[in-house]
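The values are calculated or read from the model by the stated rules, or taken from the named source; none is laboratory data. Treat the numbers as computed from the prediction; the structure is a model and nothing was measured. Note: ideal-geometry Cβ built from the backbone for every residue, glycine included; neighbour counts use all protein chains shown.
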Amino acid sequence: MSDDNTNSRDKRSRSPSNEDRRGLKRKFDDRHEVRLIIRTRDAGAIIGIGGENIKRLRHEYKASITVTDSRTPERLVIMDGDEDNLVLIITDIGKALVEGNKSKTDKDDLELKFLIHNSQAGCVIGKAASKLKELRKDLEADIKVFPECCPRSSERLIRVIGKPELVAKAILHILVLLKPFPPRGPIDFYEPSNYDEYMVPDYGGYYDDEDDRKGKRNSFGGGGGRRDRGRSDRGGGRDRDFDRRGSGGGYGGFNNNRNRGRDRDRDDIYPPVPSNPGRITDLLSCLKTTQQVSIPAELAGVIIGKQGSNIRKIRMDTGAEVDLDDADGGKSDRIITIKGNPEQIANAQYLLQMSQEDSKYDYNKTKKELS
């Protein structure tokens, strides 16, 4: 019996005390995960020749650091460690990136972009952007929260510009600020394999060649960014009331002579015809076209959804680009521009129709009133 008691006391003495547990909890709570998006071309500056630099960072700062592989212009740098060491790591990485880009720019400022869950963005922005203004002033850095989630994810980007040390401290300050506010709703981490060049202006990612981003934004008939393209491409070739009458042709404008627009932009839109006729299905799946539909202005709110939730969901579910033009005063119609392959466009049109029907809006009655 006494032996049993002795064993019990020994077990208790070997088990962590409450104080030890609190210490372990504090140590765990001090750790943070940072998810950066970088240009693929900048990955070498972080990894180093033969991986020497990233090994040094892991060893020196006792942190987990991963640079994901990607065939797109973007990669992720995922770091896990305590707050102080993460500040040092990001500063170290930032200085390497600034040095590596000296040939392209003479600026010493660092630009880094990191990911947070969409539901946490409001904590950074605050009412009427009051918190964001406060952070900019207190952290002495240029901070921007991009409005859209990264493609097929629930994550948004925050861009921070400033001296490397200040950028690192700002990123960790924001992550510490968000610690008491865990993500709400579905969590879909951004994968660079889902990169979408045409969504870059909205979610804040990187182009294949960032130096040429202005050219890329204006390479489709002078349309500017993705939203601007949707507005500028209006003309006589629109579809009415979600009817599928043709695919709209080229990006150069939907004028009455569709064939001329299609020929002018054929090289940009149509991929090379495969030499193997059996791959015609593959050709159709990657063929991107643009379609426009006109809806009564009263339906715009239904299509957009609360805080843009419905139109974002349609984009994510179909992979198509879906944009609604700006509301001009007194205009009875709004134009929706859909871009993608035939299947993406068809699915987007279907979901748009479902949005209209789910709203129990008497669409046929509205058409008569407008005609």
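Can you name the number of the only condition in (1) in contact with a helix residue (DSSP H, G or I) (Cβ under 8 Å, 6 or more places away or on another chain); (2) at pLDDT 95 or above that R35 fails?
That leaves (1) as the condition not met.
Every residue in region 65-89 that is within 14 Å of D42 (Cβ to Cβ) and buried (at least 18 other Cβ atoms within 10 Å of the Cβ), please.
Within region 65-89, V67, P73, E74, R75, L76, V77 meet the criteria.
From I125, I93, I161, grab the single residue that is within 23 Å of Y207 (Cβ to Cβ), assigned by TED's automatic domain parsing to the domain that holds G44 and surrounded by fewer than 20 Cβ atoms within 10 Å (Cβ to Cβ).
After ruling out the rest, the residue left standing is I161.
Quick check on region 332-340. Is at least one of its residues in a loop (DSSP other than H, G, I, E, B), under 16 Å from T290 (Cα atoms) and either modelled with pLDDT of 85 or more or within 24 Å of the chain's Cα centre (by Cα) (or both)? Show your work before the answer.
Let us first name the residues in region 332-340 that are in a loop (DSSP other than H, G, I, E, B), namely 332.
Subsequent filtering for residues that are under 16 Å from T290 (Cα atoms) retains none.
For region 332-340, residues in a loop (DSSP other than H, G, I, E, B), under 16 Å from T290 (Cα atoms) and either modelled with pLDDT of 85 or more or within 24 Å of the chain's Cα centre (by Cα) (or both): absent.
Inside region 99-203, counting only strands (runs of 3 or more DSSP E) that do not spill past its ends, which hold 3 or more residues that are in contact with a strand residue (DSSP E or B) (Cβ under 8 Å, 6 or more places away or on another chain) and among the aliphatic types (A, V, I, L, M)? Steps first, answer last, please.
Working: elements: 110-117, 142-145, 155-162.
Strands (runs of 3 or more DSSP E) meeting the threshold: 110-117, 155-162.
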